[in-house]
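Here is the structure we will look at, set down as structure tokens.
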Amino acid sequence: MAEKNEDIGFKKDTVSKLLSSFFKEDKTRMSGDAALLMAEMLKVFVREAAVRSQKQAASEDCDQVDIEHFEKILPQLLMDF
């Protein structure tokens, strides 16, 4: 099962296109390593959000994570990143 978790993530091309859409100048380029690093950061961010949301739900004795749990952890999560 650990092998499956390593396969889950964001595609380098998707991250590259997403970030490129925010570049102000057409001449701005991004290296492949930068796209891979950003993809890894996104993966860590999403995983941390899921874990914190699950812990919030558990602290409220809920069996299921709802958007409200995510909304409660979001401000601190953004400050931590």
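Can you work out which of the residues in the range 46-81 that are under 23 Å from residue 19 (Cα atoms) and among the acidic types (Asp, Glu) is farthest from the chain's Cα centre (by Cα)?
If we take residues in the range 46-81 being under 23 Å from residue 19 (Cα atoms) and among the acidic types (Asp, Glu), then 80 is farthest from the chain's Cα centre (by Cα).
Among the residues in the range 38-45, are any loosely packed, with under 14 Cβ neighbours inside 10 Å, assigned to a helix (DSSP H, G or I) and more than 14 Å from the chain's Cα centre (by Cα)?
no
For the range 60-79, give me each residue that is open to solvent by less than 80 Å² (accessible area, probe 1.4 Å) and out of contact with any His (no Cβ under 8 Å at 6 or more places or on another chain).
To start, the set of residues in the range 60-79 that are open to solvent by less than 80 Å² (accessible area, probe 1.4 Å) comprises 60, 62, 65-66, 69-70, 73-75, 77.
65, 66, 69, 70, 73, 74, 75, 77 - these are the residues of the range 60-79 that are open to solvent by less than 80 Å² (accessible area, probe 1.4 Å) and out of contact with any His (no Cβ under 8 Å at 6 or more places or on another chain).
Would you mention how many residues in the range 46-77 are assigned to a helix (DSSP H, G or I) and more than 21 Å from residue 9 (Cβ to Cβ)?
Of the residues in that region, 14 qualify.
The values are calculated or read from the model by the stated rules, or taken from the named source; none is laboratory data. A quick note: this is a predicted structure, and the numbers were derived from the prediction, not measured. Note: ideal-geometry Cβ built from the backbone for every residue, glycine included; neighbour counts use all protein chains shown. Accessible surface areas use protein heavy atoms only, side chains included; no ligands, DNA or RNA. Shrake-Rupley method; radii C 1.70, N 1.55, O 1.52, S 1.80 Å.
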